[in-house]
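A short write-up of the structure that comes next.
Each value in this text was obtained by applying a stated rule to the coordinates, not by laboratory testing. Computed from a predicted structure; not experimentally measured. Neighbour counts run over all protein chains shown; Cβ positions are idealised from the backbone, glycine included.
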Amino acid sequence: MAIPQLRNKQVLITGAASGIGRASALAFAREGAHIIASDLRLEPLESLQQEVQALGVNCLIHAVDVSDEAAMQAFAALVHAQIGAPDVLFNNAGIAYLGKFLDSGLEQWQRVLRVNLMGVVHGCYHFIPLMLAAGGPRQIVNVSSTASYAPSPSMASYAASKFAVAGFCDVLRMELDGTLIGVTDVCPGVINTAITASGAAPSMQQSGQLQRLQDYYIKEGCLPEVVANDVVRAVQTGKTLVLTGPYSRLLYHLKRISRRLLFKLTLSSATKIGYL
């Protein structure tokens, strides 16, 4: 649901201490929105709070583990007591794990799914009822990824979690049809953030594959501010799908044209970069 005027709106962002989350907090603040920023620890959020408040708006910070259902329930209750229901719920928190499927332990799958998928589910489950009860146009923004439709080798758990988020967005959008709450699926492409350093199989670290991939993200990736600005515009216009950053739009349309060509191109690219 479009929210053209963001001044004095309440925008809640998870995973706000760095990367896309931090850049988005500042982008929304520049539009006059008040920010509720959460991450695993308070300390990295304190400088963000100062930067946001310097823009003349309020910023509340909270330490919350999005993978912890009880913690998210308590967080929703606390936010509701402080500011009411958020106008924008931005489920941004996420982690990556890189490594071939058979080289990766199942505990890594559980960790990635708990954060990337259940973190989004927890946010929606505990905040949507508050947003519905409050009434008025509101927007849910969930981060999936270009990996939700064009994954690369060595990211099985990450791609699976993002495919799930994309499907969840589609279902949620249908179930909220007829309400004043819209749902936006954000699919970043190659973004220069620290997410590629959040976890990797030992074999990938020892072989230098992880370093080569990180170098590629630094060289080819855009800044998280690009994604942040696209997210702000999507909320203002009620856009349901945001293809943002290098290769996101290209790969989305290439898959529609030829899945076989996308498969070959992805394998060739992974081999060239040197992380396959």
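In debye, nearest 20, what is the charge dipole magnitude of the chain about its Cα centre with +1 on Lys and Arg Cβ and -1 on Asp and Glu Cβ, if you could check?
1020 debye
Could you bin all the Cα-Cα distances of the range 33-90 into 5 Å bins starting at 0 and give me the percent of pairs in each, rounded to whole numbers?
4, 19, 27, 26, 18, 5, 1
Need one number for the chain: average projected area of the convex hull over its C-alpha atoms, nm².
That works out to 13.9 nm², a quarter of the Cα hull's surface.
If you project the alpha carbons of the range 1-63 onto their three principal axes, what span does each projection cover, largest first, in Å?
32, 24, 17
Quote the convex hull volume per residue of the range 94-185, based on C-alpha atoms, as a whole number of Å³.
Considering the Cα atoms of the range 94-185, their hull volume per residue is 78 Å³.
Could you size up the charge dipole of the range 1-139 around its Cα centre, putting +1 on the beta carbon of Lys and Arg and -1 on that of Asp and Glu, and report it in debye to the nearest 20?
Approximately 340 debye in magnitude.
Taking the dipole about the Cα centre of the chain, with the C-beta of Lys and Arg at +1 and of Asp and Glu at -1, give me whichever of N58, S104, H122 is farthest to the positive side.
S104
Expressed in whole Å with the largest first, what are the equivalent ellipsoid semi-axes of the range 208-276 derived from the C-alpha gyration tensor as the square root of 5 times each eigenvalue?
26, 19, 6
Sticking with the crude label model, points 7 Å out along Cα→Cβ, report the distance from E220 to Y125 in nm, one decimal please.
Roughly 3.7 nm, to one decimal.
Do you know the relative contact order of the chain, to the nearest whole percent, from alpha carbon pairs under 8 angstrom that are 6+ apart?
Worked out over the chain, it gives 22 percent.
What full-extension length gain, to one decimal in nm, is calculated for K272 and R30 as 0.36 nm per residue of separation minus the Cα-Cα distance?
83.1 nm
Using just the helices of the chain, give the 222 nm mean residue ellipticity in deg cm²/dmol: DSSP H runs with n ≥ 4 each add -39,500 (n - 2.57), and the total is spread over all residues, rounded to 500.
The per-residue figure over the chain is -16000 deg cm²/dmol.
For a quick protection proxy, order the peptides 37-47, 224-234 by their average other-Cβ count within 10 Å, most packed first.
Put in order of decreasing packing, that is 224-234, 37-47.
When we measure straight from the Cα of K272, which lysines land under 16 angstrom away, once same-chain ones fewer than 8 places off are left out?
Within reach: K219, K264.
Please give the Cα centre distance for the range 47-77 versus the range 81-126, rounded to the nearest Å.
16 Å
Starting from the Cα-Cα distance between N8 and R249, subtract it from 0.36 nm times their residue separation and give me the gain in nm to one decimal.
So the extension gain works out to 83.5 nm.
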